[in-house]
Amino acid sequence: MSEKTLFQKIADKELPSDMVYEDDRCVAFRDINPAAPTHVLIVPRKPITRPDLIEEEDEALVGHLFTAARRIAAQEGLTDYRLVMNNGADAGQSVFHIHLHILGGRPMAWPPG
Ligand code: AMP
């Protein structure tokens with residue numbers, strides 16, 4: 001059995017977090033180093049390493065992350081916000097357990113850095 005990822009440990013409440021949402025398939029908690037006034041990470045309980053390793057069998061789960069994002073954004077009072085999933089270190093991925101960032105509460109520039 002491989003060791004749990006950081007985000008599995010948070011999902012399993014073995015590590016602390018400021019959790020704002022959870023259900024049977026995902027959890028969401030505030031980013032420890034927020035890049036916007038609201039910065040929440042939505043993490044599937046299933047530890048998929050990177051977005052490019054998402055399989056067909058995971059399609060419903062990944063779709064679920066987006067409906068969870070809609071609920072969480074409403075809960076946070078956000079109407080306009082950015083949803084980001086980084087794939088690989090050069091794209092900014094630092095935790096290798098997929099997660100959808102919700103960033104909001106300030107105007108966003110495009111393209112991102
Ligand atoms: P990424 O760089 O896309 O992999 O995003 C990983 C995010 O996880 C970063 O924005 C980090 O600030 C955040 N992060 C790392 N460790 C924790 C933690 N223990 N609790 C909450 N957020 C974390």
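Among the trypsin sites (Lys or Arg not before Pro) within the range 17-46, those in coil by DSSP and having at most 14 neighbouring Cβ atoms inside 10 Å are 25. Since only 8, 98, 34 are under comparison, the one whose Cα sits farthest along the positive direction of the charge dipole of the chain, derived from C-beta charges on Lys, Arg, Asp and Glu, is 34. The residues of the range 25-113 present an accessible area of 56 Å² per residue when probed at 1.4 Å with all protein chains retained. Relative to the longest principal axis of the Cα atoms of the chain, helix 59-75 runs at roughly 40 degrees.
Note on residue 56/residue 19: beta-carbon distance plugged into 1/(1 + (r/R0)^6) with R0 of 25 Å gives a FRET efficiency of 0.25.
Here the accessible area is traced with a 1.4 Å probe on the protein chains. For the chain, carbon and sulfur cover 53 percent of it.
Once fully extended, how much extra length lies between residue 109 and residue 84, figured as 0.36 nm per residue of separation less the alpha-carbon to alpha-carbon distance? Walk me through the numbers on the way to the answer.
Values: separation 25, 0.36 × 25 = 9.00 nm, distance 1.33 nm.
Gain on extension, residue 109 to residue 84, equals 7.7 nm.
For the range 1-90, the relative contact order comes to 21 percent (Cα pairs under 8 Å, sequence separation of at least 6). Assuming charge only on the beta carbon of Lys and Arg (+1) and of Asp and Glu (-1), the dipole of the chain about its Cα centre is about 380 debye to the nearest 20. Taking one quarter of the surface of the convex hull spanned by the alpha-carbon atoms of the chain gives a direction-averaged projected area of 7.5 nm². Along the range 78-83 the Karplus relation, 6.51 cos²θ - 1.76 cosθ + 1.60 evaluated at θ = phi - 60°, assigns HN-Hα couplings of 9, 9, 10, 6, 10, 10 Hz to successive residues, with x for each Gly and Pro.
Karplus-derived 3J(HN,Hα) values for the range 13-28, using 6.51 cos²θ - 1.76 cosθ + 1.60 with θ = phi - 60°, are 6, 7, 10, x, 7, 9, 7, 10, 6, 7, 8, 6, 10, 8, 10, 9 Hz; glycine and proline are entered as x.
The values are calculated or read from the model by the stated rules, or taken from the named source; none is laboratory data. Predicted model only: the values in this text are computed from it and were never measured. Quick reminder, even Gly has a Cβ in these numbers, built from the backbone with ideal geometry, and neighbours come from all protein chains shown. The protein model used for the area step is the full one, side chains on, heavy atoms only, and it has no ligands, DNA or RNA in it. Shrake-Rupley method; radii C 1.70, N 1.55, O 1.52, S 1.80 Å.
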